[in-house]
Amino acid sequence: MFKPVLLALVSITATSFPAAAEVESGIKVKITTGDHTMTATFYDNDTARALISRFPLTLPMQDLYKREMCYRFPDALPASDTQTSGYEVGDIFYWAPRHSFVIMYEQNGERISNMKKVGRIHSGVGIFRHTGDANVRFEVIGDRSEN
């Protein structure tokens, strides 16, 4: 009786959160706003690869709902396997319905549908509580275009 419930919980956890190995082996990205720099790991998925192919990139991001920084691309990015999921502070995701690239900096417990997690900021994401709308720059760490 407990085995099916346990298997269901393991399945939900496995699809809701990136594997630790994926975070460790992902692509490292420098994120800068004003004088503040953060480091993120972008996962190996179709949406993250499409985003990274555009880096270095500076985006005018909007501060929405006092919890997220958001930029809406004019055209859709590839986003196979979107899901409904909760999020953690520091998560970076793509919300497919509005082509939105999102950094979560505050938690309200909401579950969001049609999202594709693309990365995670390791520390310092709280700076967005104080920036309001801001230009945010994304660069692959070690990318030759940084020189």
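The values are calculated or read from the model by the stated rules, or taken from the named source; none is laboratory data. Small disclaimer: the values here were computed from a predicted structure and weren't measured. Cβ sites come from the backbone with ideal geometry, for glycine too, and all protein chains shown count toward neighbours. With ligands, DNA and RNA removed, areas are computed over all heavy atoms of the protein, side chains included. Shrake-Rupley method; radii C 1.70, N 1.55, O 1.52, S 1.80 Å.
Mind checking the full-extension length gain between SER80 and ARG98? Use 0.36 nm per residue of separation minus the Cα-Cα distance, one decimal, nm.
Details: separation 18, 0.36 × 18 = 6.48 nm, distance 1.50 nm.
Contour length minus the Cα-Cα distance gives 5.0 nm.
How far apart, in nm, are the 7 Å Cα→Cβ label points at GLU110 and ASN135?
Inter-label distance under the simple model: 2.8 nm.
Probe radius 1.4 Å, ligands and nucleic acids left out: which of TYR65, TYR71, TYR94 has the largest accessible area, and how do the rest follow? All intermediate terms of the calculation are to be shown ahead of the outcome.
Numbers: TYR65 160, TYR71 50, TYR94 0 Å².
So, going from the largest accessible area down, we get TYR65, TYR71, TYR94.
Could you work out how far apart the two model spin labels at TYR71 and ARG54 are, taking each label as a point 7 Å from the Cα in the direction of the beta carbon, and quote it in nm?
0.6
What number does the stretch 16-125 give for Rg over Rh if you use C-alpha atoms and the Kirkwood radius? Could you put the intermediate results ahead of the total?
Values: Rg = 12.8 Å, Rh = 14.0 Å.
In the stretch 16-125, Rg relative to Rh is 0.91.
Quick one: accessible surface of LEU57, probe radius 1.4 Å, all protein chains present, in square angstrom to the nearest 10.
Only protein atoms counted, so the area is about 40 Å².
Leaving ligands, DNA and RNA out of it, rank LYS66, LYS116 by accessible area with a 1.4 Å probe, largest first.
Details: LYS66 155, LYS116 20 Å².
Ranked list, largest accessible area first: LYS66, LYS116.
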